Amino acid sequence: MLDKIINILESRSTIKKVLFFENTKIRAEYSDNLFIDIYYNPDNNRYDASLIFDNERVLGWDNAPHHYKV
């Protein structure tokens, strides 16, 4: 699953660099101060993603059960 996400991100011209950490985390860098972090745990199928700007999380989403009605 992460390989597919990495391939998609690497094909985007707006993304400068895609990094892969510890088989669970991807970072897609748009600029020095703007990036997206994506985390996936295949053991429990949990994922989350965060948009980071100037070292602050501006947006985040996940599949945690506390949003089961959304």
Theoretical gain in end-to-end length, Asn7 to Phe53 [0.36 nm per residue, Cα-Cα removed]: 14.3 nm
Farthest toward positive dipole pole in the chain [+1 Lys/Arg, -1 Asp/Glu at C-beta], among Met1, Asn33, Gly60: Met1
Normalised contact order of the stretch 1-69, rounded percent, pairs of Cα under 8 Å and 6 or more residues apart: 18 percent
The chain - charge dipole about Cα centre, Lys and Arg +1 at Cβ, Asp and Glu -1, debye rounded to 20: 200 debye
Low-density loop cleavage sites - GluC sites (Glu not before Pro) in the chain, where at most 10 other Cβ are within 10 Å (DSSP): Glu22
The chain: projected area of the alpha-carbon convex hull, averaged over directions, in nm²: 5.4 nm²
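Coordinate-derived values only; no laboratory data. Bear in mind that the values here come from a model prediction, so they are computed numbers and not experimental data. We place every Cβ from the backbone using ideal geometry, glycine too, and count neighbours over all the protein chains shown.
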